[in-house]
């Protein structure tokens, strides 16, 4: 009976020791800090540019209005809308009733004297026929408009420039224009119109281009205006920079050792589609900055890097 009691007490003691050991192991596991899986990146030193994008519309500054030089009937009209014509090209011929009668009488008196009474109307400059008002057989009066020619040499883009951005656009400076089909043209600032639109406070700017092919009028293009250009900028990927809800404070999470990241306030500069310039503080190329897994971390956080350094 005594031996049974002793064995029973020993079993109880073993159970107590086992339970305490298990509790100690659980406490140790619970005491281990939570490590957030992250990836890291570093700074890049490269040229960065900030651009302004505005719209510009293609147009012809000069229009040549072809008009009748006598009262009469149009004998011929060598024009069609959209047709390109050269300088000094005959567009219309006009013959009056009076010239028809006089010509027949003169020819009867002297067959060697050939009088046609036909007037030719020529263009003074080359361009595209943008409007045709009359065709062969129409009766027209002296000074009546027959057609309109868009002067090829006056083709430009007109950009509406907000007046506060005028310091970034200088006469004679070059710009890049992007057409809707992706084609890029090099333009030159030719002049500023002498008026400002009262409501929008924008000033029209004339941009001359030399396209290799004809471009239709009223085509909308994007104009790229360089605003800030820096040759050596320190930048980080956009995902590495965090901000508050009002986007007035910005920071990054920097590794201080193999498992600890701390919050570093920054001042940002130029922003591009995928990178942000860091003006301060100064980072070295050896610094490791969190790229992913950084959102929502405390000012000091335990992390676990899941990519090779």
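The values are calculated or read from the model by the stated rules, or taken from the named source; none is laboratory data. Remember, predicted model here, so these are calculated numbers, not experimental data. All Cβ positions, even for glycine, are placed from backbone atoms using ideal geometry, and neighbour counts span all protein chains on display.
Somewhere in the stretch 285-295, is a residue farther than 26 Å from residue 306 by Cα and assigned to a loop (DSSP other than H, G, I, E, B)? Steps first, please.
Applying the first criterion (farther than 26 Å from residue 306 by Cα) to the stretch 285-295 yields none.
Within the stretch 285-295, none of the residues are farther than 26 Å from residue 306 by Cα and assigned to a loop (DSSP other than H, G, I, E, B).
Could you check the stretch 269-282 and list, in sequence order, the residues that are surrounded by fewer than 18 Cβ atoms within 10 Å (Cβ to Cβ) and under 13 Å from residue 251 (Cβ atoms)? Lay out the reasoning, then the answer.
Let us first name the residues in the stretch 269-282 that are surrounded by fewer than 18 Cβ atoms within 10 Å (Cβ to Cβ), namely 269, 271-274, 279-282.
Listed by number, the residues that qualify are 280, 281.
Looking only at residues in the stretch 181-190 that are surrounded by fewer than 14 Cβ atoms within 10 Å (Cβ to Cβ) and in contact with a strand residue (DSSP E or B) (Cβ under 7 Å, 6 or more places away or on another chain), which one is farthest from residue 157 (Cα to Cα)?
Looking only at the stretch 181-190, we keep the residues that are surrounded by fewer than 14 Cβ atoms within 10 Å (Cβ to Cβ), and these are 181-184, 186.
Those still in the list that are in contact with a strand residue (DSSP E or B) (Cβ under 7 Å, 6 or more places away or on another chain) too: 184, 186.
Numbers: 184: 13, 186: 11 Å.
Residue satisfying both the conditions and the ranking: 184.
Checking residue 53 against (1) closer than 30 Å to residue 210 by Cβ; (2) exposed (fewer than 10 other Cβ atoms within 10 Å of the Cβ); (3) at pLDDT below 85: exactly one of these is not met. Which one?
The number of the failed condition is (3).
Filter the stretch 110-129 down to residues that are touching a helix residue (DSSP H, G or I) at 6+ places or on another chain (Cβ under 9 Å), within 18 Å of residue 70 (Cα to Cα) and outside any loop (DSSP other than H, G, I, E, B) and give me whichever is modelled with the lowest pLDDT.
Just the residues of the stretch 110-129 that are touching a helix residue (DSSP H, G or I) at 6+ places or on another chain (Cβ under 9 Å), to begin with: 113-119, 125-128.
Narrowing the set further to residues that are within 18 Å of residue 70 (Cα to Cα) leaves 115-119.
When the remaining residues are screened for being outside any loop (DSSP other than H, G, I, E, B), the result is 118-119.
On the way: 118: 80, 119: 83.
Here the residue is 118.
Yes/no per residue for (1) outside the structural domain of residue 290 (by TED's automatic domain parsing); (2) surrounded by 13 or more Cβ atoms within 10 Å (Cβ to Cβ):
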site: 196; (1), (2): yes, yes
site: 199; (1), (2): yes, no
site: 205; (1), (2): yes, yes
site: 209; (1), (2): yes, yes
site: 212; (1), (2): yes, no
site: 216; (1), (2): yes, no
site: 224; (1), (2): yes, yes
site: 236; (1), (2): no, yes
site: 241; (1), (2): no, yes
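Name the one entry in 263, 222, 254, 184 that is touching a residue at least 12 places away in the same chain (Cβ under 8 Å) and under 26 Å from the mean Cα position of the chain (by Cα).
Numbers: 263 fails: under 26 Å from the mean Cα position of the chain (by Cα); 254 fails: under 26 Å from the mean Cα position of the chain (by Cα); 184 fails: touching a residue at least 12 places away in the same chain (Cβ under 8 Å).
Result of the check over 263, 222, 254, 184: 222.
I need a count of the residues in the stretch 265-284 that are part of a loop (DSSP other than H, G, I, E, B) and within 14 Å of residue 41 (Cα to Cα). Spell out the reasoning first.
Filtering the stretch 265-284 down to residues part of a loop (DSSP other than H, G, I, E, B) leaves 272-274, 281-284.
After this cut, where a residue has to be within 14 Å of residue 41 (Cα to Cα) as well, the list is 274, 283-284.
So the count comes out to 3.
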